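Notes follow the structure.
Just so it is clear, none of the values below were taken in a lab; they were calculated from the coordinates. The model shown is predicted, which means the values in this text are computed figures rather than measured ones. Neighbour counts run over all protein chains shown; Cβ positions are idealised from the backbone, glycine included.
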Amino acid sequence: MTDQTAIDESAPASKGGLLDGKVILVTGASRGIGAAAASLFAEEGAEVVLAARDETALQRVVDGIRAAGGIADAVVFDLADADSTWAGVARAAKLYGRLDGAFNNAGAPQQPGPLDVTSEEDIDAQATVNFRGQWTAMKAQPEAMRAIGGGAIVNTSSLGGLRQSTDLPAYSAIKRALNSLTETAAVTWAREGIRVNALAPGGTLTDMWNQWEAAQPGTIAAVGAAVPLGRMVEPREVAEAAAWLLSDRAAMVTGVVLPVDGGGSVAG
């Protein structure tokens with residue numbers, strides 16, 4: 001990781017990118033949707049601050065962005081620790097002198113299984129990271145955004161947060177709570193110029209799904225076949241929706257939970 005004085009200012013300027021001139025924080029940026037988003041945001045002209053617990057994995061993504069001519073740095077913090085989250089967000093804002101947007105993508109997976117066998121540990125992990133951690137991040141981020149007259153926050157929810165989920169009951173219940181928090185924050189901070197939205201991805205081809213596929217071969221094919229568009233979501237496709245919501249082109253969009261699911265939310 002580097003200090004502000006060490007940030008490479010020789011990277012080529014963006015030309016008409018969707019996020020030109022913006023500083024965007026991405027949590028859960030060491031892999032999956034977060035890594036794809038950080039790379040895309042940099043391509044679209046943002047100065048990107050990547051956050052996660054794994055410094056080594058974060059630095060690999062940062063190095064890749066810089067190698068492609070983007071501007072990026074990393075901060076390490078843990079959403080399960082409120083003090084760590086407040087300090088991490090403050091550090092992110094300090095790196096480039098401002099914070100225009102945040103993509104709150106970090107989260108804890110749940111061990112799949114029906115409600116009857118969902119463990120207390122799974123419930124606690126969901127509440128701690130996927131709700132309370134997001135709550136803390138969403139309180140810390142506006143502190144920096146107010147200094148520049150506003151900003152945009154995008155939370156990663158889930159298709160499971162829009163409907164029942166017999167396989168991921170704790171995860172889905174907490175994501176539904178996050179949807180409510182997103183809507184409340186959107187109204188609470190609207191007059192300060194801070195927009196708050198969420199994405200509800202369907203099954204997305206991340207490491208978590210690869211692990212489930214290894215445990216139960218055929219899972220990915222079965223899930224993809226049930227999607228109206230005929231396949232699972234790619235991480236970059238979620239990132240594209242996040243980039244738009246963080247951009248000025250979505251200036252009048254707030255309080256929305258946007259499905260990115262190939263039609264899964266309307267197919268039932």
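Give me the distance in nm between label points sitting 7 Å out from Cα along the Cα-to-Cβ direction at Lys139 and Ala221, one decimal.
Here the modelled spin labels are 4.9 nm apart.
Give the whole-number value, in cubic angstrom per residue, of the convex hull volume spanned by the C-alpha atoms of region 18-263. The partial results should precede the final answer.
Details: hull volume 28.9 nm³, N = 246.
Convex hull of Cα atoms, per residue: 118 Å³.
Pulled fully out, how much extra length does the chain show between Gln164 and Glu234, if you take 0.36 nm times their separation in residues and subtract their Cα-Cα distance? Walk me through the numbers before you get to the answer.
On the way: separation 70, 0.36 × 70 = 25.20 nm, distance 2.27 nm.
Between Gln164 and Glu234, full extension yields an extra 22.9 nm.
Amide H to amide H, which residues 5 or more places from Asn155 or on other chains are under 5 Å from it, using H placed in the peptide plane?
Asn104, Asn197, Ala198, Leu199
Can you tell me the FRET efficiency between Asn210 and Asp124 if r is taken as the Cβ-Cβ distance and R0 is 22 Å, rounded to the nearest 0.05? Don't jump to the answer; show the numbers that get you there.
Numbers: r = 25 Å, r/R0 = 1.14.
Working from the Cβ atoms, E equals 0.30.
What's the FRET efficiency of Arg60 with Ser84 using the Cβ-Cβ distance as r and R₀ = 22 Å, to the nearest 0.05?
Working: r = 21 Å, r/R0 = 0.97.
Result of the calculation: an efficiency of 0.55.
For region 35-47, take each phi angle, set θ = phi - 60°, evaluate the Karplus expression 6.51 cos²θ - 1.76 cosθ + 1.60, and give the result in whole Hz per residue in order, putting x for glycine and proline.
5, 4, 5, 4, 5, 5, 4, 5, 4, 8, x, 7, 8
Beta carbons within 10 angstrom, averaged per residue: use that to sort the peptides 19-29, 256-266, highest first.
Working: 19-29: 25.6, 256-266: 18.6.
Put in order of decreasing packing, that is 19-29, 256-266.
In debye, nearest 20: dipole of the chain around its Cα centre with unit charges on the Cβ of K, R (+) and D, E (-)? All intermediate terms of the calculation are to be shown ahead of the outcome.
On the way: 20 positive and 31 negative charges, 140 e Å.
That gives a dipole near 680 debye.
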